[in-house]
Amino acid sequence: MMKKKSIFSATGLALTGVFLLVSVAVISLFPRLRIDLTEDSLYTLASGTRNIVSGLEKPVQLLFFYSEEATADVPQLRTYGMRVQELLREMVIASNGNLELQVIDPVPFSEEEDLAGEYGVQPVPLTAGGEAVFFGLVAVDPATVSTEGAEASGGKIFKTIALIRPDQEEFLEYEFSKLITQVANPEPPIVGFISGLPIDGGINPANMQPTAPWMFMDSIRQLYEVRRVDADAEDIDPAIDILLIVHPQNLGEQMLYAIDQHVLRGGKALVVIDPNADSTAQRGPDGVPTIVNGASDLDPLLAAWGVEYDSTKVLTDSEQALMVNVGDAPRPIQHFGMMGVPRESFVNDIVNTGLQVMNFSTPGALVPIEGATTVFEPLLLSSNSSMLMDNFFFTEMADPTILVDEFVSEDRRYAVAARVQGNVRSAFPNGRPTLEVPGVEGLDTDDPAAEPTVAADSALQPHLNESTGTVNLILVADSDFLADRMWVQIQTFLGQRIGSPFASNGAFVMNALDNLSGNAELVTIRSRGRYARPFETVLDLQRAADARLREEERELLENLRQTELQIASLNASRQGNEITPELQAEVDRFYAQQLETRRRLREVQLQLNQDIENLGSVLKFINTALVPILLIVFALTLAYLRNRRRDITGFPAPGSQGKVTA
C-alpha cells in the first residue's frame, strides 16, 4: 500500500506539472481563447462589440490615462482600474490588430499630464483637499496625428471620456464601443427634429428661466449631428438621414407634404405622437395640473402609412399600471393611465435589445389598417387587461382612482410602439399643396388671375407618388416617455449632467435611431446596465390591498349617502329645533358605521404591511439560513455515505487517511 501510495503521489505531482505547462502553452499560443465562468458573462464581449472593432476600416489608438501610483492605497479604485484595462485588452484582442492600447500614468508635472490635458482628461480629487487622479479614455485616429506629437493639435480626430465613473461600470462596453465608432466614422448621421415640446431646451413660463434640453437629446448628440427643422419649411433637407418628429401639433400642409416626400425618398423617421401630453400640463392655484391642447396627430400621413390612431383616446392598463404618490396620500396608488411595460411585453425586435422596462404616461394606441400595403409590426404591447378611454378624463386629474370606476377591460392587447415597413403611396396624390398668398382676400374666385393661391416653387424636390423603396418607420404613441421624470435621474458632476436611468426609455430611442441609421451593432451592446426591476410579489400584494380598500371605501360612501338621506328626511319631519330620539339614533348609527369602516380600513392596511414583512422575513431566511443549512445537510450526508461504505467494504473511502492491516 505504501509503495502504491508513493507511486500515486509522484504520478499526481507529475501530472499536475504537465497540466500547468500545457495550460501556460495554450494561453501563450492561443491568447484569444477565453472561458468566462461568471454568472453575467462579465468578461465576454458582445457580438456587436466584436463586429465593430474587427470591422474597423482604419486603426484606432486607445489612450487610457490612469493614475496607477496615486491609487496605490485605494483598493476599490485599483480593482476597477484593472477591470477597465481587462475590458480594453479584450477589445484589442478581438480587433484583429485594428486597436492599439497605451496605458499612461500622468504623474504631476510630467509630459503625460500635459498630454492628458490636451485631450480633455482632467484630474479628479478622491477626497476634499486630497490628491487628484486621472481616470479617462481617449480614442485617437493616429493617421491624423502630427509627427510632432502632443504639441501639434491641428487636424486631430479624437473623442474623450474625461472620467470613467465606477458607478457606470455596467455601461463600459457600450461607451467604449461608441467612442471607437465616433472616431472611426467622424461624420455622424444627421438627425433633423420637429417638436411641439421643448425637448431641446426652452423657457419655463412659470419663472421665465431657461430650461435644459431633455436628457435623451444629450444622448442623441453624442452620436449624431442634430438639426432643428423649421415647422414652416416647404421641404426637408435631403442631407437629413433621420427625421425625429415629437408631438407634432398644427403642422401646415406644406410641412406634412415635406414629411411625406422625405419618407417616400427613402428617408427614415422616428415619429412620436400623443393623445394627452402630460409634459404640457400647468398647475393651477389649487395645485391640480391642467393639460391644454395636449393631443397631437399626423393625419393624413398615418393613414397613408397604414396606421390607425385616435388622438382622443388614451390607453389604460390595470395590469401594467404604475404605483404613484398623489398629494398627501399615505401610500402609493395605482394609476391606470401610467404604464410600466415589462420585458415580457416587448416584441422580439432588434430595437428592444437589452431593454428591461419602459414607463409611459397616458399613451395612445396604434392599430394596423386592414388591407394596407405596409407591414405593421408591434414593438411594445399593453396587457390583455387594457381599455381605451376618452382623453378628457386626464386633462384635469387630481385623483387617479376615478379611472378604476370607469375601467372595463377590453380583453385586448394594444401596440404602444410599432415598426412600419413596406411600399407607401403618397398622402398627397395630386402633388404639392398650393401655397396661400397672405393678404389676398375677397377676390373674384371665377377669375384665374385672382386666385388667392399660387403653385409651389418648381425648384423644390420633385413630387413622388410612391416610395422609391421599402420605407422604415418607427412610431410611438406617447411623448411623455421621453421626459426625464419617466426614466432617468440627473445629477451634475464637474459641470456635466450625468443621467442614471431607472428605465429603458432613453435606450429605446437610441436603439431606434441606431437601427434606422443602419448602425445595428451598437444596438446589440447597449443597455447592459441595471434597471429598476419591480418586486412583482409585493406589487401583487399592494394591488390586492388596493382593491379591498376601494371596496371598503365604496361601502363607506354608500353608507354615508343613505344615512344623509335618512337624516334629511328626519329633519324635514321634526318640529322646531327639537332633536328627536329617532334623529339622535340615526346620528349615532352614522358615527358607529364611520368608526367601524375606519377600523376595517386600518385592518386591511395592517394586513398589507404584515404580508410584506412576512415576505421579507422569508427572503431573509432563504438568503441567510436556508442555503447554509442545505450545505451542512449535504456535507453530513456525504460523510455518512463515506463512513457507511468503509464499514461495508472494510477499506477506507477514497481520499481518507485510514490504515489497513492484514
**All Cα pairs of the range 43-182, percent lying beyond 23 Å** = 34
**Item:** Measure of compaction for the range 170-321 (Cα Rg per 2.2 N^0.38 Å)
**Value:** 1.21
**Message:** Per 0.36 nm of contour for each residue apart, how much would the distance between ALA143 and ALA14 grow if the chain were fully extended, relative to their Cα-Cα spacing?
**Reply:** 41.2 nm
**Message:** Can you give the FRET efficiency to the nearest 0.05 for ARG645 and VAL92, using r as the Cβ-Cβ distance and R₀ = 60 Å?
**Reply:** 0.70
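Hey, which of these cross-link pairs are over 24 Å Cα-Cα: LYS156/LYS268; LYS268/LYS313; LYS159/LYS268; LYS58/LYS156?
LYS156/LYS268; LYS268/LYS313; LYS159/LYS268
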**Complete:** As a Kirkwood estimate from alpha-carbon pairs, the range 319-400 has a hydrodynamic radius in angstrom of 14.8
**Fill in**
FRET efficiency for ASP218 and LEU630 from the Cβ-Cβ distance with R0 = 51 Å, rounded to 0.05, comes out at 0.55
**Message:** For ALA295, what residues show an amide H to amide H distance below 5 Å, using hydrogens built from the backbone and excluding near sequence neighbours?
**Reply:** ALA277
**Prompt:** Each label point is 7 Å from the Cα along the Cα-to-Cβ direction; what then is the distance between the points at GLN209 and THR373, in nm?
**Reply:** 5.3
**Request:** Which order do the peptides 249-259, 356-366, 404-414 take when ranked by the mean count of other beta-carbon atoms within 10 Å per residue, highest first?
**Result:** 356-366, 249-259, 404-414
**Request:** For an R0 of 45 angstrom, estimate the FRET efficiency from the Cβ-Cβ distance between GLN584 and ASP390 and round to the nearest 0.05.
**Result:** 0.45
**Stretch gain in nm, segment LEU638-SER110, where the contour uses 0.36 nm per residue and the Cα spacing is subtracted** = 183.9 nm
**Prompt:** Of the peptides 639-648, 109-118, how do they stack up when ordered by the mean number of other Cβ atoms within 10 Å, highest first?
**Reply:** 109-118, 639-648
**Complete:** Computed over the range 94-139, the distribution of all Cα-Cα distances in 10 Å bins, rounded to whole %, is 24, 45, 23, 7, 1
**Complete:** Residue separation between THR127 and ASP232 times 0.36 nm, minus their alpha-carbon distance, gives in nm 32.5 nm
**Message:** Order 625-632, 261-268, 370-377 from most to least packed using the mean count of other Cβ atoms within 10 Å.
**Reply:** 261-268, 370-377, 625-632
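Only the coordinates and a few stated rules stand behind these numbers; no lab work does. Remember, it's a predicted structure, so these values are computed and weren't measured experimentally. Glycine also receives a Cβ, built like all others from the backbone with ideal geometry; neighbour counts cover every protein chain displayed.
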